[in-house]
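Beneath this line is the structure, given in structure tokens, with notes to follow.
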Amino acid sequence: MTRVLVLNGPNLGRLGIREPEVYGSATHDDLAAAVEKWAADLGLDAELRQTDDESTLVGWLHEAVDSRAHVALNPAAFTHYSYALRDSAAQVTHAGLVLVEVHLSNPYAREAWRHVSVIGPVATGTVAGFGLEGYRFALEAIASRV
Ligand code: DQA
């Protein structure tokens, strides 16, 4: 079965509490349940993880390469400045795996500093602005590519 790591960066564990007007009222547990259902519908073996720690995310991207797992990645604030994460994400796509960058909000409709993604240029593609549904679109994109 096609394996997918769904990886969430800093502050996304606070979904439902953090700025619900921007990120919605669903919690990270709600997202986990939705991802499980969407993955099952698509015949994917998906695992959702969240960390506030950059080095942990780097390690998970290395794991994706080594275990041949595709990735849906919401790098959260690391999107905008983490060259370490960018270099790890590049290894995923250079290995021929799909990496979809996901954002709940549309960063291009927000502050100017959110308009830059250092991940986007090395991702297979980006889904932004569709809330929780964006993760479903990312899983569908992966399922359609493999
Ligand atoms: C985010 C957008 C980022 O700018 C922000 O730092 C986040 C969440 C999103 O999902 O919309 O933490 O990645």
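Would you say L97 is under 17 Å from P10 (Cα atoms), more than 10 Å from the ligand (Cβ to nearest atom) and buried (at least 16 other Cβ atoms within 10 Å of the Cβ)? It is false that L97 is under 17 Å from P10 (Cα atoms), more than 10 Å from the ligand (Cβ to nearest atom) and buried (at least 16 other Cβ atoms within 10 Å of the Cβ).
Under the condition of being over 16 Å from A76 (Cβ atoms), surrounded by fewer than 14 Cβ atoms within 10 Å (Cβ to Cβ) and of a type in the set (D, E, K, R), the residues counted in the range 1-22 number 1. Within the range 49-73, residues that are under 21 Å from E140 (Cβ atoms) reach partners that are assigned to a strand (DSSP E or B) and hydroxyl-bearing (S, T, Y) with beta carbons closer than 8 Å, at six or more positions or on different chains, in the pairs H70/T2. Cβ-Cβ distances below 8 Å connect the following pairs, each with a first residue in the range 93-115 that is farther than 20 Å from A26 by Cβ and hydroxyl-bearing (S, T, Y), a second residue that is assigned to a helix (DSSP H, G or I) and away from the ligand (no atom under 13 Å from the Cβ), and a separation of six or more residues or different chains: T93/V122.
Checked against the criterion of being near the ligand (Cβ under 10 Å from one of its atoms), surrounded by fewer than 20 Cβ atoms within 10 Å (Cβ to Cβ) and farther than 18 Å from R145 by Cβ, the candidates S105, S25 yield just one match: S105.
Among the residues in the range 19-27, are any within 13 Å of the chain's Cα centre (by Cα) and more than 21 Å from V92 (Cβ to Cβ)? No: the range 19-27 contains no residue that is within 13 Å of the chain's Cα centre (by Cα) and more than 21 Å from V92 (Cβ to Cβ). Looking only at the range 124-139, decide whether some residue is away from the ligand (no atom under 13 Å from the Cβ) and more than 21 Å from E36 (Cβ to Cβ). There is at least one residue in the range 124-139 that is away from the ligand (no atom under 13 Å from the Cβ) and more than 21 Å from E36 (Cβ to Cβ). Of the residues V65, V35, V58, the single one that is crowded, with 20+ Cβ neighbours inside 10 Å and under 16 Å from the mean Cα position of the chain (by Cα) is V35. Filtering the range 127-146 to residues that are crowded, with 17+ Cβ neighbours inside 10 Å and hydroxyl-bearing (S, T, Y) leaves only Y135.
Annotation note: of L42, L15, the sole residue that is within 15 Å of the ligand (Cβ to nearest atom) and under 22 Å from I142 (Cβ atoms) is L15. When Y83 is tested against (1) without any contact (Cβ under 8 Å) to a residue 60 or more places away in the chain; (2) hydroxyl-bearing (S, T, Y); (3) within 22 Å of M1 (Cα to Cα), just one condition goes unmet, and that condition is (3).
Every number here is computed from the coordinates shown, using simple stated rules; none is lab data. Small disclaimer: the values here were computed from a predicted structure and weren't measured. We place every Cβ from the backbone using ideal geometry, glycine too, and count neighbours over all the protein chains shown.
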